[in-house]
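The values are calculated or read from the model by the stated rules, or taken from the named source; none is laboratory data. Please read all numbers here as calculations on a predicted model, not as lab measurements. Counting neighbours? That spans all protein chains shown, and the Cβs are built from the backbone with ideal geometry, glycine included.
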Amino acid sequence: MEQICVSHVKKIYYTGDIETVALDDISFSIKKGEFVAIVGPSGSGKSTLMHILGALDTPTSGNYILDGQDVSKLSKDQLADIRNKKIGFVFQAFNLLPRTTAVKNVALPMIYAGISKDERIKKAEQLLKDVGLGDRMNHTSNQLSGGQMQRVAIARALSMNPAIILADEPTGNISTVQAEEIMRILQSLQKQGHTIIIITHEPSIAVFAQRTIHLKDGKIEKEVKNGKV
Amino acid sequence: MDFFELLSSAYEALALNKVRTALAGLGIVIGIGAVIALVSLGQATQQSVQNSIQGLGANLLTISPGSQRTGAVEGGFGSSQTLTLDDANAITAANFSSISKVSPEVSRRGQVTAGRNNTNTSIIGATANYPGVHNVTMSSGTFIADQDVAGTRNVAVIGPQVVSDLFGGGDPTGQTIRINKIPFTIIGITVSKGGTGFANQDDIVFIPITTAQKTVFGIDYVNDISLSAASADSITQAENDTGYLLLQRHKINDPAQADFSMFSQSDILSAASSVTGTFTALLAGIAAISLLVGGIGIMNIMLVTVIERTREIGLRKALGAKDRTVVTQFLIESIILTIGGGLTGMVLGILLSYVISVVIGLPFTISIFAIFLAIGVSGGIGILFGWYPAKKAADLSPIEALRYE
């Protein structure tokens, strides 16, 4: 079943009179439960694509259908709901609230969904245990290592039990050992039925995915199926 | 997201950075505190001046010789000699119901001696009505009586300051002082009125007005006639009654050409009020500047706070917060900060006014207007500048906000 369907998406940025084409007529689709890596050198448009897939931005033209809904036509508030309920973000820079405990960070998206405080805390604690941080739940973000912060971020991405996990260079700021742990966690999430999309420029990370979409100059250069999982 | 959730998010955000919160609050505290303290100080001064003027005498009306126009030449104020003891007697004889007491007075400064001691003091020629008009009371002996005036007697009533200057204390009643080498017998001493007000009312010597005119000063006019109106309501009536009588006596048809002027206590009060009003306005001006500076401080810290948290706003939006949720949270943060700072500033301002009033010896008053003004202005600024940058940050796309450096 096609969960994500991107057809003829174009994204053009205007800086003064200069027109920059970030994405040039991109079409692809991703099935539910797939693990896809989007790779490419910097400037290839992979971050722009990730923003569109994450409903953080809308395409200049073309359509992005998510679960049968055309995201490119939604209002700001509707986009906020999509980000809250359907997509879990994992950022390169972790983007945790500073000086805030792991539990509160994980519980943050649930506040915006109107889930009660008791339920939020219970769910957040369970998720932190799942990512192996059961003993660090009340540590503030600045008391955690990079790998631990990224695991908190993954727990946060899972808090609304989204269909899709979008990870933008999730291993960019952490050591190789920790990077592998993060990738194993993402793989196990895929086995639980989540669709995983990661953006990376590292081939060693891309191999964890089932399929790799190579971007270059805003266009899809090639798609490769990975045997090794 | 319900209101309680927003409130607790706002509280958590404020508690997270205590120094920033304290600094932002401080701007509000100082702005509001300064305004309340300064305006209250101005009001206290005004009240204190009014009190001391009311202490000069009840329902007091003073007639002073005015300058009479002779062609184009106008004599200086108080230099003319147009009022006489006969004018005062005529007012008394007319028996106006609006007037209770008439007190003609002459006054000079002069040298007074007693033995080897001497002092330069105010010498007032007075009648028996003087104490009733000017609120003078006796600590010992008696004041000048009608027969002293009628008999041109050499008797004197002296103030407590003169007692200590000439006799070093004690009760000198019955002893002799010399004014211009003429001996006077002391028949009474007045109660201290204190050194407050425009002149020291304790450094004073009273002698019968007739003695003063004939023996001491060698004049035939009076310096002023003070009247005590029957009641506060009859001051205007007393002014009219005496005014027309004097015009008639002085054979003047046009009141604009009057050779005397009348000054009631309420005139002095309103003149003083306009002076203290200016003073209060000056303080209010200073307060307004502190309010402005405080406001700019609040504005700055609020702007910086929100700009600093642009990435946080981006993150919250990426995680599903709607624009208005973010804006509401920041708005509530500003309101908590402003109310907290405002209440603290109010308490500080009231405490400060109290301390100043105790130290300077002014009556303690609190300007309710200043409280509302200060809280209104800094509150408004705090909320506006908490809301506006938050609104701008929330309007950014989440990506732009997340990338904000």
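Filter segment B:384-404 down to the residues that are small (Gly, Ala, Ser) and away from chain A (no Cβ under 11 Å) and list them by number. Spell out how you get there, then give the answer.
Residues of segment B:384-404 that are small (Gly, Ala, Ser), as a first pass: B:386, B:390, B:393-394, B:397, B:401.
Listed by number, the residues that qualify are B:Gly386, B:Ala390, B:Ala393.
What residue, among those in segment A:105-114 that are at the interface with chain B (Cβ under 10 Å from one of its Cβ atoms) and over 18 Å from B:Gly314 (Cβ atoms), is modelled with the lowest pLDDT?
A:Gly114
Determine, yes or no, whether A:Arg120 is buried (at least 17 other Cβ atoms within 10 Å of the Cβ), more than 13 Å from chain B (Cβ to nearest Cβ) and touching a residue at least 12 places away in the same chain (Cβ under 8 Å). Reasoning before the result, please.
Values: buried (at least 17 other Cβ atoms within 10 Å of the Cβ): yes; more than 13 Å from chain B (Cβ to nearest Cβ): no; touching a residue at least 12 places away in the same chain (Cβ under 8 Å): yes.
Criteria not met by A:Arg120.
Check B:Gly361, B:Gly345, B:Gly382 and return the single one that is among the small types (Gly, Ala, Ser) and touching a Leu at 6+ places or on another chain (Cβ under 7 Å).
The conditions single out B:Gly382.
Against the conditions (1) surrounded by 15 or more Cβ atoms within 10 Å (Cβ to Cβ); (2) of a type outside the set (Lys, Arg); (3) in contact (Cβ under 8 Å) with a residue 40 or more places away in the chain, where does B:Ala232 fall short? Just the number, please.
B:Ala232 satisfies all of (1) surrounded by 15 or more Cβ atoms within 10 Å (Cβ to Cβ); (2) of a type outside the set (Lys, Arg); (3) in contact (Cβ under 8 Å) with a residue 40 or more places away in the chain except (1).
From the set of residues in segment B:327-361 that are away from chain A (no Cβ under 14 Å) and among the hydroxyl-bearing types (Ser, Thr, Tyr), which is nearest to the chain's Cα centre (by Cα)?
Looking at the filtered set, the residue picked out is B:Ser357.
Can you confirm whether segment A:152-160 contains a residue that is under 16 Å from A:Asn84 (Cα atoms), within 14 Å of the chain's Cα centre (by Cα) and not in a helix (DSSP H, G or I)?
Residues of segment A:152-160 under 16 Å from A:Asn84 (Cα atoms): A:153-160.
Filter once more, so that each one left must be within 14 Å of the chain's Cα centre (by Cα): A:153-160.
Okay, now just the ones that are also not in a helix (DSSP H, G or I), so A:159-160.
Looking for residues that are under 16 Å from A:Asn84 (Cα atoms), within 14 Å of the chain's Cα centre (by Cα) and not in a helix (DSSP H, G or I), one finds at least one in segment A:152-160, hence yes.
Identify the residue in segment B:236-260 that is buried (at least 16 other Cβ atoms within 10 Å of the Cβ) and within 29 Å of the chain's Cα centre (by Cα) and, among all such residues, is farthest from B:Val377 (Cα to Cα).
Only one residue fits best here, namely B:Phe260.
So which residues in segment A:81-101 are more than 9 Å from chain B (Cβ to nearest Cβ) and either farther than 23 Å from A:Gln190 by Cα or surrounded by fewer than 16 Cβ atoms within 10 Å (Cβ to Cβ) (or both)?
Result: A:Thr101, single match.
What do you reckon, is B:Arg324 surrounded by fewer than 18 Cβ atoms within 10 Å (Cβ to Cβ), within 14 Å of chain A (Cβ to nearest Cβ) and more than 29 Å from B:Gly33 (Cβ to Cβ)?
Spelling it out, B:Arg324 is indeed surrounded by fewer than 18 Cβ atoms within 10 Å (Cβ to Cβ), within 14 Å of chain A (Cβ to nearest Cβ) and more than 29 Å from B:Gly33 (Cβ to Cβ).
If A:Asp77 satisfies every condition in (1) surrounded by fewer than 19 Cβ atoms within 10 Å (Cβ to Cβ); (2) at pLDDT 90 or above; (3) in contact with a Gly (Cβ under 9 Å, 6 or more places away or on another chain) but one, which is the exception?
(3)
Checking A:Glu2 against (1) within 30 Å of A:Gly146 (Cβ to Cβ); (2) more than 14 Å from chain B (Cβ to nearest Cβ): exactly one of these is not met. Which one?
That leaves (1) as the condition not met.
With the structure loaded, tell me whether B:Thr328 is polar (S, T, N, Q) and either assigned to a helix (DSSP H, G or I) or farther than 30 Å from B:Thr276 by Cα (or both) or whether it fails that test. Before you say what the answer is, go through the steps one by one.
On the way: polar (S, T, N, Q): yes; either assigned to a helix (DSSP H, G or I) or farther than 30 Å from B:Thr276 by Cα (or both): yes.
So B:Thr328 passes the test.
Within segment B:210-231, does at least one residue satisfy the condition of being assigned to a loop (DSSP other than H, G, I, E, B), under 36 Å from the mean Cα position of the chain (by Cα), among the small types (Gly, Ala, Ser) and under 25 Å from B:Ser64 (Cβ atoms)?
Pass one, segment B:210-231, residues assigned to a loop (DSSP other than H, G, I, E, B): B:218-223, B:230-231.
Filter once more, so that each one left must be under 36 Å from the mean Cα position of the chain (by Cα): B:221-223, B:230-231.
If we keep only those that are among the small types (Gly, Ala, Ser) as well, we get B:230-231.
Right, trim to under 25 Å from B:Ser64 (Cβ atoms) and you get B:230-231.
Yes, segment B:210-231 contains a residue that is assigned to a loop (DSSP other than H, G, I, E, B), under 36 Å from the mean Cα position of the chain (by Cα), among the small types (Gly, Ala, Ser) and under 25 Å from B:Ser64 (Cβ atoms).
Of all residues in segment A:48-78, count the ones that are within 14 Å of another protein chain (Cβ to nearest Cβ) and under 15 Å from the mean Cα position of the chain (by Cα).
Residues that pass the stated criteria total 10.
Cβ-Cβ distance below 6 Å, separation of 6 or more or different chains: which pairs start in segment B:114-136 with a residue that is surrounded by fewer than 16 Cβ atoms within 10 Å (Cβ to Cβ) and end on one that is in a helix (DSSP H, G or I)?
So the pair list comes out as B:Asn117/B:Leu166.
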